[in-house]
1. Pull out all pairs, ordered by first then second residue, where Cβ-Cβ is under 8 Å, the residues are six or more apart or on different chains, the first lies in the stretch 98-119 and is within 30 Å of H218 (Cα to Cα), and the second is polar (S, T, N, Q) and assigned to a loop (DSSP other than H, G, I, E, B).
2. May I ask you to list the residues in the stretch 239-263 that are under 16 Å from H218 (Cβ atoms) and touching a residue at least 60 places away in the same chain (Cβ under 8 Å)?
3. Please go through the stretch 71-99 and give me each residue that is surrounded by 14 or more Cβ atoms within 10 Å (Cβ to Cβ), more than 16 Å from Q179 (Cα to Cα) and either touching a strand residue (DSSP E or B) at 6+ places or on another chain (Cβ under 7 Å) or hydrophobic (A, V, I, L, M, F, W, C) (or both), ordered by number.
4. Is there a residue in the stretch 22-45 that is among the basic types (K, R) and surrounded by 21 or more Cβ atoms within 10 Å (Cβ to Cβ)?
5. If I filter the stretch 138-152 for residues that are in a loop (DSSP other than H, G, I, E, B), of a type outside the set (A, V, I, L, M, F, W, C) and modelled with pLDDT of 90 or more, do I get at least one hit?
6. Out of L171, L130, report the one residue that is part of a helix (DSSP H, G or I) and in contact with a Leu (Cβ under 7 Å, 6 or more places away or on another chain).
7. Checking the conditions here, which among A54, A106 is in a loop (DSSP other than H, G, I, E, B), loosely packed, with under 15 Cβ neighbours inside 10 Å, on the phi < 0 side of the Ramachandran plot and not β-branched (V, I, T)?
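The values are calculated or read from the model by the stated rules, or taken from the named source; none is laboratory data. Computed from a predicted structure; not experimentally measured. Cβ: placed from backbone, ideal geometry, glycine included. Neighbour counts: every protein chain shown.
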Amino acid sequence: MPQSTPNSASTMLQVECLHKTFHAGTADERVAIDGVSLELNQGDFVVVVGGNGAGKSTLLSMLAGEVLPDSGSIRVNGVNVTPLGTHLRAKYIARVFQDPSIGTAAALNIEENLAVAALRGQRRTFGRGLTSAQAREFQQRLGTFGLGLENRMKAQAGLLSGGQRQALSLLMAVLREPQLLLLDEHTAALDPRTAEAVMRVTSQVVDQAGLTTLMVTHNMHHALQYGNRLIMMRHGAVVADLSLEQKRRMTVEKLIAAFDDENPSLRMVSA
């Protein structure tokens, strides 16, 4: 089932009072994140929705270390990663972007991309590829996706379809079993049929590994179909936080209507 309940109550992500203002003190000053506090337990699959400029992608960028907060803290499995950049956070956090080309190297073949991903967060050594055992394992895992990737291990990533490339990006992101997986509108650039296939693969990968996951999406059907929790953001703040049971009582129409509510939490929790 796409919706699942985590098995453990241990805290994997703890965000406390994050603030971020861009171009502070100028005419272009913009508050991007305004006091966000958030906790994810081990195995949580949390979906984040909100209008353009709500702060969703900025929040993910702060969690990934691409944008450092003005104040506040971020802990992953108890480790304070707040001052760390993206490279040092790579051992804890993986991210899949909207653009399928970002997560893969177009000139490398599937096997070579996986070899690079297998070293993520470690000191790199030149000339190291996949062992025969690793190649067989990854080929088998790709086969479970049902996208034909297992038969194209020597194909350049740049020759793959958008859906195939995004599925490869997803596998690359989770190879080293990150403690936190960030999905930043990772189906937005795909056609509807391919987006459904990638979401099926996503659910499969997340469930099998029990990954703690934060997914940003503009697809309201996916927002209600996947994950065990739903968060809505507006003006850089969390304005609603729904449990799995509350999500199950929601409809797409009510969720869309909540975007325009003065207090969306009231409409959503009473759905």
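1. What qualifies is N113/T104.
2. Residues satisfying the conditions are L255, F259.
3. Result: G72, S73, F97, Q98.
4. Within the stretch 22-45, the subset among the basic types (K, R) is 30.
Next, only the ones that are surrounded by 21 or more Cβ atoms within 10 Å (Cβ to Cβ) stay: none.
Checking the stretch 22-45: not a single residue is among the basic types (K, R) and surrounded by 21 or more Cβ atoms within 10 Å (Cβ to Cβ).
5. Kept after step one, since they are in a loop (DSSP other than H, G, I, E, B), are these residues of the stretch 138-152: 144-148, 152.
Cutting the leftovers down to of a type outside the set (A, V, I, L, M, F, W, C) gives us 144, 146, 148, 152.
Going one step further and asking which of them are modelled with pLDDT of 90 or more, we end up with 148, 152.
Yes.
6. Details: L130 fails: part of a helix (DSSP H, G or I).
Result: L171 is the single residue among L171, L130 that is part of a helix (DSSP H, G or I) and in contact with a Leu (Cβ under 7 Å, 6 or more places away or on another chain).
7. Numbers: A54 fails: loosely packed, with under 15 Cβ neighbours inside 10 Å.
The match here is A106.
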